[in-house]
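Below is one structure, written out as structure tokens; comments come after it.
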């Protein structure tokens, strides 16, 4: 893969959501990792919230950020496990216009090298909701580091070659749907 920069870095406005019944702003280490990685890379954290595992409240928040045309992407942490209260996929996937299956596949492949077969317990996923990129990471701080450093930040960097999601955003936002 080519490492030659393609063009200038383009900072994005990104909302960060922690999905948890127990985390608070004081102990939200996963949200902190995501925010720190984004700002260090040159992006702006447009909003940050912590919500309980509640399908309707999660959908309401995602809808609000998707409707805010200044938000380019949403990154969530938490709620992607297998317990009854883990409902992030059920909340968000219904709002997706496109899924990005490769994100979850790549995340689990990378995680396998770090945590072995325990990676099957993750339902990390991504997609496009209207014209907003959405990435959903597990709640563990280590998983957030892996997802941010190895997948999300490179894809949100317009200098990443041979292609990246930042350069796709204008087309995601303006390309007409094909006639059926």
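The values are calculated or read from the model by the stated rules, or taken from the named source; none is laboratory data. None of the values given here were measured: they were computed from a predicted structure. Here the Cβ is made from the backbone with ideal geometry for all residues, glycine too, and neighbour counts use every protein chain on show.
Somewhere in segment 10-22, is a residue in a helix (DSSP H, G or I), within 16 Å of residue 132 (Cβ to Cβ) and in contact with a helix residue (DSSP H, G or I) (Cβ under 8 Å, 6 or more places away or on another chain)? Please lay out each step first, then the result.
Filtering segment 10-22 for residues in a helix (DSSP H, G or I) gives none.
No, segment 10-22 contains no residue that is in a helix (DSSP H, G or I), within 16 Å of residue 132 (Cβ to Cβ) and in contact with a helix residue (DSSP H, G or I) (Cβ under 8 Å, 6 or more places away or on another chain).
Could you say whether any residue in segment 42-59 is surrounded by 16 or more Cβ atoms within 10 Å (Cβ to Cβ), touching a residue at least 60 places away in the same chain (Cβ under 8 Å) and either touching a strand residue (DSSP E or B) at 6+ places or on another chain (Cβ under 7 Å) or in a helix (DSSP H, G or I) (or both)?
Yes, segment 42-59 contains a residue that is surrounded by 16 or more Cβ atoms within 10 Å (Cβ to Cβ), touching a residue at least 60 places away in the same chain (Cβ under 8 Å) and either touching a strand residue (DSSP E or B) at 6+ places or on another chain (Cβ under 7 Å) or in a helix (DSSP H, G or I) (or both).
Quick one: how many residues across segment 23-38 are in contact with a strand residue (DSSP E or B) (Cβ under 8 Å, 6 or more places away or on another chain) and within 20 Å of residue 166 (Cβ to Cβ)?
Number satisfying all stated conditions: 3.
Take the conditions modelled with pLDDT of 95 or more, surrounded by 14 or more Cβ atoms within 10 Å (Cβ to Cβ), touching a strand residue (DSSP E or B) at 6+ places or on another chain (Cβ under 7 Å) and more than 14 Å from residue 20 (Cβ to Cβ) and apply them to residue 115. Does it pass? Explain how you work it out, then say what you get.
Values: modelled with pLDDT of 95 or more: yes; surrounded by 14 or more Cβ atoms within 10 Å (Cβ to Cβ): yes; touching a strand residue (DSSP E or B) at 6+ places or on another chain (Cβ under 7 Å): no; more than 14 Å from residue 20 (Cβ to Cβ): yes.
No.
Could you grab me the full set of residues in segment 122-180 that are more than 23 Å from residue 69 (Cα to Cα), part of a loop (DSSP other than H, G, I, E, B) and modelled with pLDDT of 95 or more?
Answer for segment 122-180, where residues must be more than 23 Å from residue 69 (Cα to Cα), part of a loop (DSSP other than H, G, I, E, B) and modelled with pLDDT of 95 or more: 122, 123, 124, 138, 139, 140.
In segment 99-112, how many residues are touching a strand residue (DSSP E or B) at 6+ places or on another chain (Cβ under 9 Å) and without any contact (Cβ under 8 Å) to a residue 40 or more places away in the chain? Give the steps one after another, and end with the answer.
As a first pass, look at segment 99-112 and keep what is touching a strand residue (DSSP E or B) at 6+ places or on another chain (Cβ under 9 Å): 99-104, 107.
Still in the running and without any contact (Cβ under 8 Å) to a residue 40 or more places away in the chain: 99-102, 104.
Final tally of qualifying residues: 5.
Does residue 66 satisfy the criteria of being part of a loop (DSSP other than H, G, I, E, B), in contact with a strand residue (DSSP E or B) (Cβ under 9 Å, 6 or more places away or on another chain), closer than 20 Å to residue 165 by Cα and in contact (Cβ under 8 Å) with a residue 60 or more places away in the chain? Show your work before the answer.
Working: part of a loop (DSSP other than H, G, I, E, B): no; in contact with a strand residue (DSSP E or B) (Cβ under 9 Å, 6 or more places away or on another chain): yes; closer than 20 Å to residue 165 by Cα: yes; in contact (Cβ under 8 Å) with a residue 60 or more places away in the chain: yes.
Judged against the criteria, residue 66 is not a match.
Here is a list of conditions, (1) surrounded by fewer than 15 Cβ atoms within 10 Å (Cβ to Cβ); (2) more than 18 Å from residue 139 (Cα to Cα); (3) over 16 Å from the mean Cα position of the chain (by Cα); (4) touching a residue at least 24 places away in the same chain (Cβ under 8 Å), and residue 10 meets all of them except one; can you say which number that is?
The one condition residue 10 does not meet is (1).
Among what's in segment 70-86 and is touching a helix residue (DSSP H, G or I) at 6+ places or on another chain (Cβ under 9 Å) and not in a strand (DSSP E or B), pick the residue that is surrounded by the fewest Cβ atoms within 10 Å (Cβ to Cβ). Full working, then the answer.
Going residue by residue through segment 70-86, those that are touching a helix residue (DSSP H, G or I) at 6+ places or on another chain (Cβ under 9 Å) are 71-82.
With not in a strand (DSSP E or B) added as a condition, the list becomes 71-72, 78-82.
On the way: 71: 18, 72: 25, 78: 27, 79: 30, 80: 24, 81: 18, 82: 9.
Looking at the filtered set, the residue picked out is 82.
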